[in-house]
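Data block below; observations after.
The values are calculated or read from the model by the stated rules, or taken from the named source; none is laboratory data. Note that the coordinates shown come from a computational prediction; the quantities given were computed from them, not determined experimentally. Ideal geometry is used to build each Cβ from the backbone, glycine not excepted, and the neighbour counts take in all protein chains shown.
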2 protein chains.
Amino acid sequence: MIRLTLEQARELAHDILRSNGFSEPHVQAVAATVLACERDGYSTHGLYRLVACVHALKAGKVVADAVPEMIDQAPAIVRVDARGGFSQLAFRAGVPALLAKARQAGIAALAINHCVHFSALWVEIEELTEAGLVALACTPAHAWVAPAGGSQPVFGTNPIAFGWPRAGQPPFVFDFATSAAARVDLERHQRSGQPIPEGWGVDAQGRPSTDPAAVLQGAMLTFGGYKGSALAAMVELIAGPLIGDLTSAESLAFDAGSQATPYHGELIIALDPRRFLGSACDQHLARAETLFASIQDQGARLPSQRRYQARAGSAERGVQLSQAQYDELRALIVA
Amino acid sequence: MIRLTLEQARELAHDILRSNGFSEPHVQAVAATVLACERDGYSTHGLYRLVACVHALKAGKVVADAVPEMIDQAPAIVRVDARGGFSQLAFRAGVPALLAKARQAGIAALAINHCVHFSALWVEIEELTEAGLVALACTPAHAWVAPAGGSQPVFGTNPIAFGWPRAGQPPFVFDFATSAAARVDLERHQRSGQPIPEGWGVDAQGRPSTDPAAVLQGAMLTFGGYKGSALAAMVELIAGPLIGDLTSAESLAFDAGSQATPYHGELIIALDPRRFLGSACDQHLARAETLFASIQDQGARLPSQRRYQARAGSAERGVQLSQAQYDELRALIVA
């Protein structure tokens, strides 16, 4: 294993992105996201994702120097056209207007269009909770997941993320796929030759299967049966047609076999507790703390707690990569 | 069985509510909701819910002549203080401002406070989709549901409902509890002496149980494991502290054993596709129809389709009640 300080990890990410021709704003935005994931022990979305980022560039599926365009769509809607660049820079371009609109109107939406999306949503959610806002985000993916009662892929893994700010400690944040498992979980089982649990997917003939290769060729299933399927449909709708962007089926068709990360849109909704509650805000946020305590006092976990523990560890000890991963990343640097 | 035309069913609801002293606006609003549920074959929330409505009144848990107060909270937030009345009239009072704000700002929130809630959320969602809006609603309940990894009740059944308008046909609507089953499903199993499926709940000692009585004394579980639990927590937060209203635990404490329906708040978020999409709106709504077709063409159902079939049947043949239910309802009418 190779151990890197957070600073070394950041430099590695910068070197990879810069030498491959990403513009400096993209270098900074993408590196910050993969570093946040690596630091939080979210290694499937960490430094190693840079392999996929460079692959997307070489496949012609991402624009390395895209300049996001901000559109003031409505008093409580800001749109950012990512112009084919990675979502991170588009999000960064839209945040100031989203914050201003949420604080003014009480609730506001940020619609990111025409972006290439490869990362976890919680990174963006945390940026909004740090500003004192409650936030919800979702995005389609590629069509890999069948609806409840069906066996043909229609939905993406369609994650939903939510955040709630907490005074003096990390926010309450969750971020999960509406599929029963993440795509990377299937791929990991396939690499290690392990069967997948029942309920994750069906084969190309629509039969339940525990063979990861068969399910990757067939269809994944949603979590929680018809309820998860309904939520996956909601994500398709509100982060697809509602914002004038691609559904997961359309994103996969656009990919045309290049196996790049999805190209589509993302919807973020921000709510300002101070606008909802006025001077009673702190009193009501304290009641949320009572709710959290009633969960933790019985030994149940709040979401993201493991991530926050990993974060504390990384701040002290840096992050670890396997020698093979490190070598593969180093090899991405164009001399 | 007793068969009633929709008009007769409405008259029965009116007679019950009016003779028990509900003010005329509450009579109309509550009757419209229970009738919509009865008509759609959603009989657990149909006419028979009037037994619970009258019980809540007799227990002193609902104000029969409450006049909702509308508060223009922020450019994109309207609050309605139900003042202890049923939620239906408060919703009705808030809808015009919600529509106006959503159409002006693009996205808007309606926070209903201090209401007694007993019904399905899809009734309200459909009113917003009829106005061409996309809508999301949620509300806590009484603390009956344990978080993932715990065994003590913290959450309510915390429903989430969503609606998407469709030109020329009923909307795409879902409305489900974030608990594995609805409270009424447990009660039905208890009455008929049937065991409940595994995964619905735990007994008072936290052990998984298929005995409905034991689970009613213990805790229900969320659907979909930790993901459903995260969603249940989100509902507690955004339809509780965020809007300055009670969590499910606080609602149950307020109930103080009277077994009335929950008293708390509800959050509704409305999004206007025309503000998101401008002149491209119809083109993108048509792409949503492609998504629906790709679900239905493989034999999977869209949510609410059974409800719409029942609606068509009721329009022709009216609704049916058992003689016992009919007699119990008739007996509620105060001479």
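Tabulated data
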read-out: Lone unmet requirement of (1) more than 12 Å from every other protein chain (Cβ to nearest Cβ); (2) closer than 13 Å to A:Pro159 by Cα for A:Phe176; value: (1)
read-out: Options A:Gly299, A:Gly278, A:Gly225, A:Gly318: the member that is surrounded by fewer than 20 Cβ atoms within 10 Å (Cβ to Cβ), touching a residue at least 24 places away in the same chain (Cβ under 8 Å), under 27 Å from B:Ser248 (Cα atoms) and not charged (D, E, K, R); value: A:Gly225
read-out: Leading residue by the ranking (surrounded by the most Cβ atoms within 10 Å (Cβ to Cβ)) among those in segment B:180-201 that are out of contact with any Leu (no Cβ under 7 Å at 6 or more places or on another chain) and closer than 19 Å to B:Ala232 by Cα; value: B:Ala181
read-out: Test result for B:Val173, in a helix (DSSP H, G or I) and in contact (Cβ under 8 Å) with a residue 24 or more places away in the chain; value: no
read-out: Scope segment A:121-138; condition crowded, with 22+ Cβ neighbours inside 10 Å and in contact with a helix residue (DSSP H, G or I) (Cβ under 7 Å, 6 or more places away or on another chain); matching residues; value: A:Val123, A:Glu124, A:Leu133, A:Val134, A:Ala135, A:Ala137, A:Cys138
read-out: Residues being at pLDDT 95 or above and part of a helix (DSSP H, G or I) - total across segment B:29-44; value: 11
read-out: Residue tally, condition touching a strand residue (DSSP E or B) at 6+ places or on another chain (Cβ under 9 Å), surrounded by fewer than 16 Cβ atoms within 10 Å (Cβ to Cβ) and away from chain B (no Cβ under 14 Å), over segment A:57-83; value: 2
read-out: Some residue of segment B:173-183 being modelled with pLDDT under 95 and under 30 Å from B:Arg287 (Cα atoms); value: no
read-out: Selection status of B:Arg207, out of contact with any strand residue (DSSP E or B) (no Cβ under 7 Å at 6 or more places or on another chain), within 19 Å of B:Tyr42 (Cβ to Cβ) and not β-branched (Val, Ile, Thr); value: no
read-out: Complete set of residues in segment B:16-27 that are assigned to a helix (DSSP H, G or I), within 23 Å of the chain's Cα centre (by Cα) and either surrounded by fewer than 19 Cβ atoms within 10 Å (Cβ to Cβ) or at pLDDT below 95 (or both); value: B:Arg18, B:Glu24, B:Pro25
read-out: Some residue of segment B:191-201 being within 9 Å of chain A (Cβ to nearest Cβ) and in a strand (DSSP E or B); value: no
read-out: Any chance A:Glu11 is within 18 Å of A:Ile125 (Cβ to Cβ) and assigned to a helix (DSSP H, G or I); value: no
read-out: Flag if A:Ala90 is more than 20 Å from the chain's Cα centre (by Cα) and buried (at least 21 other Cβ atoms within 10 Å of the Cβ); value: no
read-out: Matching option when the condition is closer than 19 Å to A:Met234 by Cα, in contact with a Ser or Thr (Cβ under 9 Å, 6 or more places away or on another chain) and within 11 Å of another protein chain (Cβ to nearest Cβ), among B:Pro159, B:Pro153, B:Pro147; value: B:Pro159
read-out: Answer from A:Ala108, A:Ala120, A:Ala131, A:Ala137 - the residue that is touching a residue at least 24 places away in the same chain (Cβ under 8 Å) and within 11 Å of another protein chain (Cβ to nearest Cβ); value: A:Ala108
read-out: Helices (runs of 4 or more DSSP H) contained in segment A:247-335 and holding at least 3 residues farther than 30 Å from B:Val145 by Cβ; value: A:248-255, A:305-317, A:323-330
read-out: Residue check for B:Arg103: buried (at least 19 other Cβ atoms within 10 Å of the Cβ) and basic (Lys, Arg); value: no
read-out: Residue match in segment A:152-166 (condition: assigned to a loop (DSSP other than H, G, I, E, B), of a type in the set (Gly, Ala, Ser) and out of contact with any Pro (no Cβ under 6 Å at 6 or more places or on another chain)); value: no
read-out: Selection count, segment B:206-237, where residues are within 13 Å of chain A (Cβ to nearest Cβ) and on the phi < 0 side of the Ramachandran plot; value: 17
read-out: Among the residues listed as B:Asp81, B:Asp72, the single one being of a type outside the set (Val, Ile, Thr), outside the structural domain of B:Gln309 (by TED's automatic domain parsing) and either modelled with pLDDT under 95 or within 14 Å of B:Val116 (Cβ to Cβ) (or both); value: B:Asp81
read-out: Filter result (crowded, with 24+ Cβ neighbours inside 10 Å and facing another protein chain (nearest Cβ under 7 Å)) within segment B:238-268; value: B:Ile238, B:Pro241, B:Leu242, B:Ile243, B:Thr247
read-out: Segment A:269-291, residues that are of a type in the set (Lys, Arg) and either in contact with a strand residue (DSSP E or B) (Cβ under 7 Å, 6 or more places away or on another chain) or more than 11 Å from chain B (Cβ to nearest Cβ) (or both); value: A:Arg275
